[in-house]
Amino acid sequence: MAERMSALSQHPPSVWRRLDPAAALGRLSESRYWMYLLLVPSAILILAVVLYPTVYGFQLSFRQMRLNRPDLGTGFVGFKHYIAMWSDKVFWLSLRNTAVWVTFAVIIEFSLGLVAALALNRNLPGTKIMGVLILLPFFLPNVVAGHMWALLLDPRLGVINDILVRLGFLETYKAWFADPSTALGAAILVEAWHGFPFFALLLLAGLKGVPDDLYKAASVDGAGPIRQLRLITLPMLRSVIAAAVILRVIGLVNSPDLLLILTGGGPGQSTQVLSLYAFQKAYKDFNFGYAGALSVVMFVLLMLFAWAYVRVSKVNQD
Amino acid sequence: MSTLTLNGVRKSFGALDVLQSIDLELEDGEFLVLLGPSGCGKSTLLNIIAGLETPTSGDIFIGDKRVNDVHPKNRNIAMVFQSYALYPTMPVERNIGFGLEMRGVEPDTRKRAVDGAARMLQVDHLLDRKPGQLSGGQRQRVAMGRAIVREPELFLFDEPLSNLDAKLRAEMRTEIKRLHNRLGTTVVYVTHDQIEAMTLGTRIAVMKGGVIQQLADPMTTYEKPANMFVAGFIGSPSMNFVHGTLAREGDTTTLKTDGKDSTTIRLPRVAANLENLAGRKVVLGVRPESFAANASEPDLTGTIDVVEPTGPDTLVVLALGGQTITARLGPKLTVATGETLGLSIHPDSISLFDPDSGNRIG
């Protein structure tokens, strides 16, 4: 006993160091496992809320799952949903509408965003207030923006109808979302209003990184504003534009909320898009298998788009 | 080639005066260096000459033509920037020829001009590359090629060598001087590097707070600085300043240094106006290389504080009363810290400044 006591008293500092949790953590932080340990929480989170649902969605698309037809069971059905999709007219119409919706919305949002960013980048008096005002639409949730515009464009009470009639552009009030020829166009304009600040914000951040000397050099060389935009501004913003377009396209393809509020896919199927169709298949028809297959198609299309866009925009070249 | 004249050029941003009435006249073929610390207004002045900024008042003439309202592209100038400002998407060939392209020069003529400039600057093997694939020095050469290909009346350089490492900077400095000798174009060159100013300029305008402190050829600026700011800004190590009071002892003029451990420095030069200054408080300015070790008849004696051998010479920091001076002495000096050292002062290299205004008085 006395021997053990003396042995302890001989090495007390190292013993204490081994027991101290802070010191143990310190030693761990200098080991090569530390990096992986730090990644564990985010990896778990991603596995739980991203990877698992994605894999489950894939799996769902190969199974039968109709909540209102429990008699059919939940068995494996192979490519049944994909084959059904091939001859589903609404699917093809939704695909076409999605292409139109995304293309025009992104073009308009990008153009408006670029103009806004170029204007805000000039640092003229009042640009700070203008900057906040321009960002306002983006702060509104889709649901609020949707209801607001539904009211503004209302066929009986809508203030926009009133203005257009007073200005002589329209003879009578128009039900924008009830006419198949105008519904998608009107919805795209609402989306453009709501989404352009996203581009304005990212492009403005990009513009701040373009050296002033380039514009000075171009000015001395004799290049006008349009040439400067084409030869300096847009090439310098290439990676920002690529990131913004990809993010926006993903957002537009995946979120049905604005169209759900404004038109619900109607009139008829004239504003039906893939995300809304998948949503309705799942929560109106309770056909989760088919909705899963639709989601997988959207996923593949988005992957293909992002891959092709990065290749075409040569964003990785320099 | 052309002359450049600035008459009373001012620039204010709100209440802040960046330039205060600048007057300048440049002869044909001159190389003017605008030298000064950050924020002294030198780049603003260059931008005003280029037409990239408008002056609040005053006139700018290139040749006989008043160019205040002339767009930069029509001033027949060429500019080289610190950041090179090469167009990132264009290959070197188009970068160099872009100014000519914008002026509608035929592709054949343009190609000849670009090839000539590229050969002169030794970048002819890089014509197909993009700026991103070039090194700093190569980019700077391309930027200079872009300027000379236009055969402008006036070259404007905005700190063109500041982004290069020391060795490359010295090389490009020589290159710029060679280019100026060869082309003979009038140049305005902005820098905060006094070595560049001394080596390149036919005249130097030292600026501070939007005012030209001194406009003179490099040696005058170095040997007879107009004030203590110029004296301290040009030269490394900078000029020694010793605060004290002038006195006459028989035929010799002396300076009794300020501070509690006051000591006396003999001034070898007896300028006529110095006699009238006896009893006056002054600041003595002596360049480090104007001292020589002299044990027999020293003009001043101090205690060695630090010895710094640099190779070609030895820097000796000397405590002199409560003040310190640095002397640049010969390479094989055998002195040690704590020893007493006697120094003589070269008679032609004494500057005297007014302690209040800082201006040169003799």
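I'd like the full set of residues that are surrounded by fewer than 18 Cβ atoms within 10 Å (Cβ to Cβ) and farther than 12 Å from B:Pro268 by Cα, limited to the range B:342-354.
Within the range B:342-354, B:Gly342, B:Asp354 qualify.
A:Phe104: assigned by TED's automatic domain parsing to the domain that holds A:Tyr277 and farther than 30 Å from A:Tyr290 by Cβ, yes or no? Outline the logic, then answer.
On the way: assigned by TED's automatic domain parsing to the domain that holds A:Tyr277: yes; farther than 30 Å from A:Tyr290 by Cβ: no.
Considered against the rule, which asks whether it is assigned by TED's automatic domain parsing to the domain that holds A:Tyr277 and farther than 30 Å from A:Tyr290 by Cβ, A:Phe104 comes out as no.
Find the residue count for the range B:107-138, including only residues that are surrounded by fewer than 21 Cβ atoms within 10 Å (Cβ to Cβ) and closer than 19 Å to A:Arg227 by Cβ.
The qualifying residues number 2.
With respect to B:Asn76, determine if the residue is within 18 Å of A:Gly222 (Cβ to Cβ), touching a strand residue (DSSP E or B) at 6+ places or on another chain (Cβ under 8 Å) and not charged (D, E, K, R).
Values: within 18 Å of A:Gly222 (Cβ to Cβ): yes; touching a strand residue (DSSP E or B) at 6+ places or on another chain (Cβ under 8 Å): yes; not charged (D, E, K, R): yes.
Judged against the criteria, B:Asn76 is a match.
How many residues are polar (S, T, N, Q), assigned to a strand (DSSP E or B) and surrounded by fewer than 18 Cβ atoms within 10 Å (Cβ to Cβ) if we restrict to the range B:290-327?
Residues flagged as polar (S, T, N, Q), assigned to a strand (DSSP E or B) and surrounded by fewer than 18 Cβ atoms within 10 Å (Cβ to Cβ) within the range B:290-327 amount to 3.
Any residue in the range A:44-61 that is in the same structural domain as A:Pro256 (by TED's automatic domain parsing) and under 20 Å from the mean Cα position of the chain (by Cα)?
In the first step, residues of the range A:44-61 are kept if they are in the same structural domain as A:Pro256 (by TED's automatic domain parsing); the result is none.
No, the range A:44-61 contains no residue that is in the same structural domain as A:Pro256 (by TED's automatic domain parsing) and under 20 Å from the mean Cα position of the chain (by Cα).
Condition first: in contact with a Leu (Cβ under 9 Å, 6 or more places away or on another chain) and of a type in the set (S, T, N, Q). Now tell me which residues in the range B:221-257 satisfy that.
B:Thr221, B:Asn240, B:Thr245, B:Thr252, B:Thr253, B:Thr254, B:Thr257
Being surrounded by fewer than 22 Cβ atoms within 10 Å (Cβ to Cβ) and more than 10 Å from every other protein chain (Cβ to nearest Cβ) is the filter here; which residues of the range B:77-93 pass it?
B:Pro91, B:Glu93
Does the range B:42-59 hold any residues that are more than 14 Å from every other protein chain (Cβ to nearest Cβ) and under 14 Å from the mean Cα position of the chain (by Cα), and which are they?
The one that is more than 14 Å from every other protein chain (Cβ to nearest Cβ) and under 14 Å from the mean Cα position of the chain (by Cα): B:Lys42.
Confirm whether A:Asp20 is more than 25 Å from A:Tyr309 (Cβ to Cβ), in the same structural domain as A:Ala293 (by TED's automatic domain parsing), modelled with pLDDT under 90 and not β-branched (Val, Ile, Thr).
no
Could you tell me which numbered condition B:Pro72 fails, if it satisfies all but one of (1) more than 8 Å from every other protein chain (Cβ to nearest Cβ); (2) within 30 Å of the chain's Cα centre (by Cα); (3) free of Cβ contacts under 8 Å to residues at least 40 places away in the same chain?
In the conditions (1) more than 8 Å from every other protein chain (Cβ to nearest Cβ); (2) within 30 Å of the chain's Cα centre (by Cα); (3) free of Cβ contacts under 8 Å to residues at least 40 places away in the same chain, B:Pro72 misses (1) alone.
So is B:Arg287 buried (at least 20 other Cβ atoms within 10 Å of the Cβ) and closer than 27 Å to B:Thr337 by Cβ or not?
Details: buried (at least 20 other Cβ atoms within 10 Å of the Cβ): yes; closer than 27 Å to B:Thr337 by Cβ: yes.
Answer is yes for this residue.
Could you list, in sequence order, all residues of the range A:202-241 that are more than 30 Å from A:Ala306 (Cα to Cα) and not hydrophobic (A, V, I, L, M, F, W, C)?
Listed by number, the residues that qualify are A:Asp212, A:Asp213, A:Tyr215, A:Lys216, A:Ser219, A:Asp221, A:Gly222, A:Gly224, A:Pro225.
Among the helices (runs of 4 or more DSSP H) contained in the range A:203-255, which hold 2 or more residues that are hydroxyl-bearing (Ser, Thr, Tyr) and within 14 Å of chain B (Cβ to nearest Cβ)?
Working: elements: A:212-221, A:225-228, A:238-254.
Ranges flagged: A:212-221.
Can you name the helices (runs of 4 or more DSSP H) wholly within the range B:131-218 that have at least 3 residues being under 26 Å from B:Asn74 (Cα atoms) and either within 14 Å of chain A (Cβ to nearest Cβ) or not acidic (Asp, Glu) (or both)? Reasoning before the result, please.
Working: elements: B:136-148, B:166-183, B:194-200.
Because the criterion is at least 3 residues that are under 26 Å from B:Asn74 (Cα atoms) and either within 14 Å of chain A (Cβ to nearest Cβ) or not acidic (Asp, Glu) (or both), the helices (runs of 4 or more DSSP H) in the range B:131-218 that meet it are B:136-148, B:166-183.
Looking only at the range A:168-213, count how many residues are closer than 27 Å to A:Arg122 by Cβ, small (Gly, Ala, Ser) and more than 20 Å from the chain's Cα centre (by Cα).
Qualifying residue count for the region: 1.
Is it true that B:Val230 is modelled with pLDDT of 90 or more, among the β-branched types (Val, Ile, Thr) and closer than 17 Å to B:Pro355 by Cα?
yes
So B:Arg328 passes all but one of these: (1) at pLDDT below 90; (2) closer than 17 Å to B:Glu223 by Cβ; (3) touching a Leu at 6+ places or on another chain (Cβ under 9 Å). Which condition number does it fail?
(1)
The values are calculated or read from the model by the stated rules, or taken from the named source; none is laboratory data. All of these numbers come straight from a predicted model, not from anything done at the bench. Note that we place each Cβ from the backbone using ideal geometry, even for glycine, and neighbour counts take in every protein chain shown.
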